[in-house]
Structure formats: C-alpha cells, structure tokens
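So the structure is just underneath, and the comments pick up after that.
The values are calculated or read from the model by the stated rules, or taken from the named source; none is laboratory data. From a predicted model like this one, the values you see are computed outputs, not experimental measurements. Note that we place each Cβ from the backbone using ideal geometry, even for glycine, and neighbour counts take in every protein chain shown.
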Amino acid sequence: MRILITAGPTREYIDDVRYLSNASSGQMGYALAAAAVSAGHQVVLVSGPTLLSPPIGCEFHGIETTAEMLAACQSAWPDCDGVIAAAAVCDYRPAQRIQGKIGKTGNGLTLDLIETPDILATLGATRGTRWNVGFALEAQDAHARAIKKLQRKQCDAIVLNSPSAIGAANNSVELLLPNGETAANWSGPKSEIAKALIAWIEANLKKG
C-alpha cells in the first residue's frame with residue numbers, strides 16, 4: 001500500500017517571530033511511518049516541525065502551517081491507498097498575520113482567531129475507496145467526542161489517546177470503530193503501538 005501519514009504540530013504565526021502551536025513531539029507519526037516502511041509499504045510523511053529524522057525509505061514533506069499541511073496532503077492523496085492522520089494540527093490561527101514583530105506597548109493584546117481547515121475531513125470528503133484512520137486526543141468525555149470526530153471526518157477507525165501522550169515515549173490508546181465498538185486497546189512504547197496499528201490496518205482495511 002501507499003500510505004499518507006501526518007505527524008507533528010503545525011504553527012500559526014501571529015507575527016514574523018511569534019506563533020501558536022502545541023507540544024506534539026511527532027513521535028507517534030514518525031513511529032507509524034517507520035513501522036509502515038518496515039512492513040513493506042510506501043509512505044508519504046507530511047510533518048510539522050520536530051526534532052526527529054524522517055525514517056529512511058519514506059517520501060518526506062516538511063511543513064509549518066496547517067494550510068501547508070493540507071496542500072501537501074491534497075497533492076499526495078490521489079496516489080495513496082489510505083491516510084493515518086497522527087498530526088496535532090492547530091485548530092485556530094490568527095485572523096491576520098502582522099508583518100514584522102509586534103512591540104510592547106504596556107497594554108494587553110487581543111488576538112482574533114479563526115478556525116483552520118480540517119485536513120482529515122477534507123480528505124475524507126474525496127476518499128472514494130480509500131481508507132482513513134484518525135487520531136483523537138481528548139481530555140473530557142473522551143469516548144463520545146472521539147466517535148463524533150470519527151463520523152464527522154468519515155474515518156474507518158480512530159485512535160483515542162489522552163494529553164499524557166504528548167512528548168511521551170509510551171502511550172495507551174483505544175482503537176474505535178464507527179459503530180462505537182472498541183476494536184483494540186494497546187499500551188506500551190509508541191513504536192510497538194505503531195506496529196500494532198499497521199498490522200490492524202493490513203488485516204482490516206487493505207483492499208484486495
């Protein structure tokens with residue numbers, strides 16, 4: 001299979017120096033890319049800024065903003081069999097990016113934020129016969145919120161994890177299906193969870 005994988009955070013710039021982002025390390029997405037390559041698949045890895053090196057053997061596209069990630073994914077999507085969206089995408093961006101650097105004035109600063117594009121939902125709308133696997137990091141009402149995301153983004157499955165996964169070497173996840181059932185629970189190093197997810201996709205979503 002040819003698999004599109006997103007990883008890492010995105011950045012949304014306030015001015016030319018400062019930006020909104022999150023603490024995602026990209027470890028899960030990179031582990032998935034390595035596991036997929038090791039299993040013999042072709043991988044297109046689209047990643048925000050991380051300290052990690054792309055796995056040898058994958059096609060790598062480094063981006064910063066959510067719009068850049070969306071463009072890279074849309075370019076690769078027609079030639080892929082499915083997508084694993086593990087990136088921690090910024091949900092909001094400043095309505096206007098200020099040129100230069102905002103200086104201190106002694107007063108507060110109010111930011112007008114607008115939603116960024118939903119990458120997985122956009123890909124899901126044009127999925128055809130391709131499969132989609134998403135990730136949901138939830139802190140409250142986790143199961144219900146993850147299922148809503150799964151349905152809205154037209155996913156075949158979604159990986160539910162918690163904020164404790166951010167920057168950690170280990171993780172504990174639940175793989176949910178559209179009917180709300182749990183397909184699997186995995187705990188341990190992210191590298192091992194990645195191998196388990198790739199194996200599940202091969203067994204359950206691979207066409208032909």
Got a sec? Which of 138, 115 is at pLDDT below 90 and acidic (Asp, Glu)?
-> 138
Can you name every residue in segment 103-135 that is β-branched (Val, Ile, Thr) and either surrounded by 13 or more Cβ atoms within 10 Å (Cβ to Cβ) or within 24 Å of residue 31 (Cβ to Cβ) (or both)?
-> 116, 119, 122, 133
In this structure, is residue 138 more than 24 Å from residue 12 (Cβ to Cβ) and either aliphatic (A, V, I, L, M) or surrounded by 14 or more Cβ atoms within 10 Å (Cβ to Cβ) (or both)?
-> no
Segment 12-85: strands (runs of 3 or more DSSP E) wholly inside it with 2 or more residues that are surrounded by fewer than 19 Cβ atoms within 10 Å (Cβ to Cβ) are 59-62
Considering only helices (runs of 4 or more DSSP H) wholly within segment 91-208, the ones with at least 2 residues that are of a type in the set (Asp, Glu) are 190-204
Are there any pairs with C-beta distances below 7 angstrom linking a residue in segment 147-166 that is at positive phi and touching a residue at least 12 places away in the same chain (Cβ under 8 Å) to a residue that is assigned to a loop (DSSP other than H, G, I, E, B) and of a type outside the set (A, V, I, L, M, F, W, C), with the two at least 6 apart or on different chains, and if so which?
-> 154/127
Check off (1) over 18 Å from the mean Cα position of the chain (by Cα); (2) in contact (Cβ under 8 Å) with a residue 40 or more places away in the chain for residue 131 and give me the number that stays unchecked.
-> (1)
